[in-house]
Amino acid sequence: MVCLQLRGTALGDVDAVLFDKDGTLSISEPQLLTLAQARVFLCLEQAESALDAAARLELRPLLERAYGLRAEAICPAGITAVASRDHNLIATATALVQVGLGWPEALALSERVFAEADQADARRSADHTTRTSATTDGLLPWLEQLQAAGVACAVISNDDMAGIEHFLDSHGLASYFSALWSAEHRPRKPDPAAVHGLCAQLGVPAARCALIGDANSDLQMAVAAGIPHQRALGYTAAWSSPPPLAEPHPLIHSWSELSLSGP
Ligand SMILES: [Mg+2]
């Protein structure tokens with residue numbers, strides 16, 4: 001029996017901890033900022049023949065607000081930060097419809113823009129210096145503690161398997177995680193059944209887990225799946241402006257605030 005503690009307060013016994021990736025295990029804001037800026041730039045470029053100058057002028061702020069793109073930051077609760085690629089694509093097409101494109105044209109243009117932005121992203125990833133997102137501060141000692149205590153760890157993310165594995169491998173973290181649940185799994189998060197699917201892989205009931213994420217959708221999913229409320233934990237330290245997490249959930253501001261105690 002291993003008891004999870006936050007700043008010295010017992011949160012109950014756990015057999016497994018489920019981690020969100022982006023904004024929890026990884027500091028993804030710099031990459032997301034580059035990606036969102038590239039999508040805006042490419043969208044304006046691609047729309048040049050389809051829209052007049054006034055419509056394109058209108059399009060930029062629509063896209064920026066839809067993406068949660070601020071001067072040099074990404075809104076941690078916005079769609080770039082939280083939603084899957086296809087939801088971002090739909091949001092892009094919706095912005096294009098608002099400035100006058102028909103839906104089929106808007107969807108096709110969005111698909112071209114996203115494909116090009118992905119290619120640019122892949123080229124950047126091939127570059128050594130920007131290979132992958134950094135891990136959040138103090139993560140490794142916390143994973144080592146969990147492993148030493150025999151508590152299983154898993155990733156539940158809306159990134160694809162290749163993205164999750166690339167991140168873990170790049171930081172030598174793969175051996176700390178017993179199971180992964182990606183955007184390719186069904187159902188995807190934030191469906192509570194995603195938690196059940198991952199728990200089945202781990203062989204651990206949801207009631208004996210903790211889940212740590214940086215979005216309210218993560219925390220709501222955890223509770224709906226049967227993880228006790230006090231172990232649906234918000235992680236705030238990965239963003240330049242802290243995510244607006246629902247206050248009744250305990251919040252973690254640094255991995256060093258968590259500890260384990262024996263029976
Ligand atoms: Mg996240």
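Scanning segment 55-97 for residues that are within 13 Å of the ligand (Cβ to nearest atom), part of a helix (DSSP H, G or I) and of a type in the set (A, V, I, L, M) returns Ile79, Ala81, Val82.
So, Ala238, is that one loosely packed, with under 15 Cβ neighbours inside 10 Å, in contact (Cβ under 8 Å) with a residue 24 or more places away in the chain, within 16 Å of the ligand (Cβ to nearest atom) and not in a helix (DSSP H, G or I) or not? When the stated conditions are applied, Ala238 does not pass them.
Considering segment 29-59, and only residues there that are out of contact with any Phe, Trp or Tyr (no Cβ under 9 Å at 6 or more places or on another chain) and of a type in the set (Gly, Ala, Ser), the residue that is surrounded by the fewest Cβ atoms within 10 Å (Cβ to Cβ) turns out to be Ser49. Entry remark, segment 10-54: residues being more than 27 Å from Ala117 (Cβ to Cβ) and either in a loop (DSSP other than H, G, I, E, B) or without any contact (Cβ under 8 Å) to a residue 40 or more places away in the chain (or both) number 2 in total.
Among the residues making up segment 189-214, those that are buried (at least 18 other Cβ atoms within 10 Å of the Cβ), within 16 Å of the ligand (Cβ to nearest atom) and assigned to a loop (DSSP other than H, G, I, E, B) are Lys189, Pro190, Asp214.
Every number in this text was worked out from the coordinates using simple rules, so none of it is lab data. Keep in mind the model is a prediction, meaning the values are calculated, not measured. Backbone-built Cβ (ideal geometry, glycine too); neighbour counts: all protein chains shown.
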